[in-house]
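Structure first, then comments.
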Amino acid sequence: MFLYSALLAVPNELVEAANIDGAGGWTTFWKIKFPLIAPQFGLIAILTYIWTFNGFDLVFALNGSAPGPNYSTDILGTYFYRTFFGSSGQLADLDLGSAVATVHLPYGVAGHRSLFLADPAPPEILFGLGAEMSGGRCW
């Protein structure tokens with residue numbers, strides 16, 4: 001829904017201008033629409049990763065490290081736990097668990113780095129000091 005609302009926010013004038021210039025559907029999407037929705041796409045990707053990573057405790061509390069029916073509740077955290085520590089009759093495989101953690105690490109670092117490198121909001125927004133801020137003094 002977030003991506004759909006971002007696509008609806010793309011101005012029709014840009015799409016029409018691209019169509020007049022002879023751009024097809026794929027070219028219009030990749031050259032006009034996607035660069036305009038890239039910030040929303042990145043935010044959705046980061047939040048989805050964080051929500052999935054934070055879902056370990058809920059999945060583990062309900063199912064243990066065993067995946068649900070047909071692996072429907074298996075997430076990367078439970079897969080790592082199951083492979084590294086062993087569970088449900090499965091022997092521990094330290095090499096595979098280390099490989100899963102190694103693949104998992106760059107995504108976490110990239111997600112946290114992008115959050116820390118973002119420009120912070122001005123103090124007026126952070127502290128709710130809209131109208132009362134004047135000349136750097138709070139009245």
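Only the coordinates and a few stated rules stand behind these numbers; no lab work does. Every value quoted in this text rests on a predicted model; they were computed, and no experiment measured them. Cβ placement follows ideal geometry from the backbone for every residue including glycine, while neighbour counts extend to all protein chains displayed.
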### Estimated FRET transfer efficiency when R0 is 30 angstrom, pair residue 33-residue 71 (beta carbons, to 0.05)
0.30
### Query
Taking amide H positions as placed 1.01 Å from N in the peptide plane, with prolines and chain starts having none, which residues 5 or more places from residue 74, or on another chain, fall under 5 Å of its amide H?
68
### Phi-based couplings in Hz for region 30-38 (Karplus 6.51, -1.76, 1.60; Gly and Pro marked x)
6, 9, 10, 6, 4, x, 6, 9, 4
### Message
Give me the extension gain from residue 45 to residue 91: residue separation times 0.36 nm, minus the current Cα-Cα distance, reported in nm with one decimal.
### Response
13.3 nm
